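The structure under discussion appears below in the form of structure tokens.
What follows is calculated from the coordinates using simple rules that are stated; it is not laboratory data. Just so you know, these numbers come straight off a predicted model, no measurement behind them. Cβ: placed from backbone, ideal geometry, glycine included. Neighbour counts: every protein chain shown.
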Amino acid sequence: QRRLLAAAKTLADATAKMVEAARQCASNPHDVNYQDQLRRTAEDLRDVTVVAATTPALRAKLVDRVQVCAKKAVSSATQCITAAHASHPHNTNQATREALSQDTHDLAETIPPLVDSIKANGQHPEDTNTQAELMYIAEVFLHPATQFVQSSRSVLPTLDDHSITEQLSTTSHKLNTDLTELRNALSRAKPACQGLGIDAAQQLIAELQDELDEFERAVNAHNLRPLPGDTPERGAQQLASSSKLVNQGVAQLLSAAAQGNEMYTSQAARDTAQSLRNLTGAVRTVAATTDNVDVQRRIIHSGRGVLDHSSKLLDEARQSLQTVGVTPGLHSAAKDISSSLNVTMGCLPGQKDVDSAITNIIEWTSTIQSGNFPHTNKSYGELQQELNTAAANLNEASSSVVQSVRSPVQLASTSKDFASAFQELLTVSMEMAGQTQDTTVRGEMVHSLKGVSTSSSALLTTAKSLSADPHLPNGKNQLAAAARAVTDSINHLVNVCTSAAPGQNECDNAIRKIKAMQYLLENPTEPINESSYYEALDSVIERVRSSDEGFIGL
């Protein structure tokens, strides 16, 4: 009864909007904006009508049409891939050749999932889960396929073989036609399948939970092996990108549920579930490419937490459709998903090591506040030499961190080395501060040490973020700026410690006195005392002898 009332209200609202748009269009028959508005409201009414009148038989018929079009598109895409590979040796333009090669690879990766989905729907044509799966994967297939068509067209003028050009042109044209038919079939079937989203999403999440259970059993049996092409770097990138997509899907789900829009809520649920499938695959890749059993178990356990909270989110979304606004349960489930995703990202090799390095730096820096500077029997000159060595080591370690940010395994090692180099610099600097009697200079040294600590923590934090998400906006520039800040803070510390060396103040005072007398040499015609020439000469000889003894002493 509730669904009938909601459908009637939705139909009435859509009809009223179309009538109003028609009235405005009639009053302004030549206004393109009003014409577009009328077209959109008519399409909305059509979609709402399809949803309200949808029966299982009608939905199966519409999805069957999508399946037929998807088969044709897959066949055309396969022929296009063959033609594209054949065109590479005959392409005289390196830029277009590389672009087509990349787009061919992207297209080829989307074909196997679509083929599997077509087979599954063919075996169970009345199953709403396979219907929703086919709809989603077919829609995902459209983007790389369309991009391939555009790239293949741009390649045609740069091919030096007519038969190859003709083959690529014919196959890409056929693929473009099949994509148009598939897009139209999806557009017609989508309104009828909107209500399947939440049920299909929950079913998919249940299947993903079973997959994680299988992964854990394989880990316990020491049987989890990487698949062809799996690497730690690829796993980290997949985990970062899928986590971002899950967060985006959750945000869309919250927005749609808050509006009480069942169609958009179903679509957001379906998109979120598919992102969770990618996340589960990334969890397997990360677990399979590390030998650390503890890391394997932790990332699988955290991935299971994401799925559990996602299932709860879908339950809350279904209930919230009966109310207006985001319910507390829905908001709480979304926060739990975000927290679980952060925990999952923290399980990546390198992430935990970076966190440990940051924690150690903060703990070591806290000893500065105590004012207890270590005693040493080394001379200030020896400490100065050790400081220069430690500063060079820390600067080199920061460069290693920057270079290893693309490899989680290497980042784990370089972050440890960076923390050790920082501790070495901190120890030497504290010993130098303990030998400094001037409290003002000591305060400057402590302040400079804190600056090195702050910039070091910032560098590791930036490296950690960029390692987890290589496509972080402006990430490379932020990392470079953080590395420069470390270098600048190290240089400042070295300068402060150098100026605090014994005799530095006396030398500075002497230099200032010499510079203060410089103006006398600029105008030597004016006498500065009443001494005669020979008296002044005797005074100069005596002072030169005194200066000579001073230079020997230095």
Just grab the label-to-label distance for ALA22 and GLN403, each label 7 Å out from Cα along the Cβ direction, in nm (one decimal). 7.2
Would you mind computing, in nm to one decimal, how far apart the modelled labels at ASP488 and HIS143 are, each placed 7 Å from Cα along Cα→Cβ? 3.8
Could you give the angle, 0 to 90 degrees to the nearest 10, between helix 56-87's Cα long axis and the longest principal axis of the Cα atoms of the chain? 50
Can you give the extra length, in nm with one decimal, that the chain gains between ASN261 and ARG188 once fully stretched, where that is 0.36 nm per residue apart less the Cα-Cα distance? 24.4 nm
Length released on extending from GLU126 to ASP31, taking residue separation times 0.36 nm less the Cα-Cα span: 29.7 nm
In nm, to one decimal, how far is the modelled label at VAL544 from the one at ASN247, with both set 7 Å along Cα→Cβ? 7.6
Under 25 Å from the Cα of LYS312, which lysines turn up, not counting those fewer than eight places away in the same chain? LYS244, LYS335
Rank these for me by crowding, SER457, SER399, SER467, SER242, going from fewest to most other beta carbons within 10 Å. SER399, SER457, SER242, SER467
GLU98-ARG153 FRET efficiency (beta carbon distance; Förster radius 22 Å; 0.05 resolution): 0.85
A correct Karplus calculation of ³J(HN,Hα) over region 272-282, with 6.51 cos²θ - 1.76 cosθ + 1.60, θ = phi - 60°, whole Hz and x for Gly and Pro, returns 5, 5, 5, 5, 5, 5, 5, 4, 5, x, 5
Average the reciprocal distances over every distinct pair of alpha-carbons in region 224-346, invert the result, and give the Kirkwood radius in Å. 14.7
Just add up the charged neighbours of ASN278: K/R +1, D/E -1, any other residue whose Cβ is under 13 Å from the Cβ of ASN278. +1
Equivalent ellipsoid semi-axes - Cα gyration tensor, the chain, angstrom: 69, 30, 27
Distance in Å, no decimals, from the C-alpha centre of region 458-479 to the one of region 185-256 is 25
Length gain on complete extension for the stretch SER420 to GLU181, per 0.36 nm per residue less the alpha carbon to alpha carbon distance? 79.9 nm
Nearest-0.05 FRET efficiency for ASP315 and ASP106 at R0 = 30 Å, using Cβ-Cβ distance, is 0.25
Karplus-derived 3J(HN,Hα), 6.51/-1.76/1.60, for each residue of region 383-400, Hz, glycine and proline x: 5, 4, 5, 5, 5, 4, 5, 5, 5, 5, 5, 5, 5, 5, 5, 5, 5, 5
Residues TYR534, TYR136, TYR34 arranged by fewest to most Cβ contacts within 10 Å: TYR534, TYR34, TYR136
Roughly what angle does helix 475-499 make with the longest principal axis of the chain, taking Cα atoms, 0 to 90 degrees, to the nearest 10? 10
Relative to the first principal axis of the alpha-carbon coordinates of the chain, what is the inclination of helix 128-155, with its axis defined by its Cα atoms, in degrees from 0 to 90 and to the nearest 10? 60
Estimated FRET transfer efficiency when R0 is 56 angstrom, pair HIS162-ASN388 (beta carbons, to 0.05): 0.25
